[in-house]
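**Q** The structure that follows is given in the form of structure tokens.
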Amino acid sequence: MAIGSTQPFRPAGTVSLAAGTGSGNVALAGGGESVVVTNTAAALAYVRFGADPSVAATSADMPVLPGARVMLAANPLITYAAAVLASGSGSVLFTRGDGSFV
């Protein structure tokens, strides 16, 4: 494939994190080099990836707007995701897979 070309996202597994104003984390499912983060909550979410269950998200991490999704790179050593909401509670979905656009 040519450099700079795009590939449709191919999901391998999705997990849901019940997020709130305190950081929570979840083990990622499936494999791949990308993670699509979907914020289904009504508040801004902040997300962070890590290699173990001690990973915690803060307001200094990657923001994901309410009702939005973002694709982020996650190498094979990344096995956990964490999220925290600016207010309230809701779900943040993490879908692991391969591809360069959704």
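The values are calculated or read from the model by the stated rules, or taken from the named source; none is laboratory data. These numbers were taken from a predicted model, which means no experiment stands behind them. When we count neighbours, we look across all protein chains shown, and the Cβ atoms used for this are built from the backbone with ideal geometry, even at glycine.
**Q** Within 15 Å of A82 (Cβ to Cβ) and either touching a Cys at 6+ places or on another chain (Cβ under 6 Å) or touching a residue at least 40 places away in the same chain (Cβ under 8 Å) (or both): is that true of G32 in this structure?
**A** It is false that G32 is within 15 Å of A82 (Cβ to Cβ) and either touching a Cys at 6+ places or on another chain (Cβ under 6 Å) or touching a residue at least 40 places away in the same chain (Cβ under 8 Å) (or both).
**Q** Just to be sure I understand the filter: pairs with C-beta atoms under 6 Å, separated by 6 or more residues or on different chains, first member in segment 1-26 and under 16 Å from P53 (Cβ atoms) and modelled with pLDDT of 95 or more, second member of a type in the set (G, A, S) and part of a loop (DSSP other than H, G, I, E, B). Which pairs pass?
**A** The qualifying pairs are V15/A29; S23/A56; S23/A57.
**Q** Would you check if there is a residue in segment 83-99 being surrounded by fewer than 13 Cβ atoms within 10 Å (Cβ to Cβ) and among the β-branched types (V, I, T)?
**A** no
**Q** Let me ask something else about it. Looking only at segment 42-75, how many residues end up being within 18 Å of T14 (Cβ to Cβ) and either in contact with a Pro (Cβ under 6 Å, 6 or more places away or on another chain) or loosely packed, with under 14 Cβ neighbours inside 10 Å (or both)?
**A** 3
**Q** If we keep just the residues of segment 67-98 that are more than 10 Å from the chain's Cα centre (by Cα) and not small (G, A, S), which is nearest to G24 (Cα to Cα)?
**A** V84
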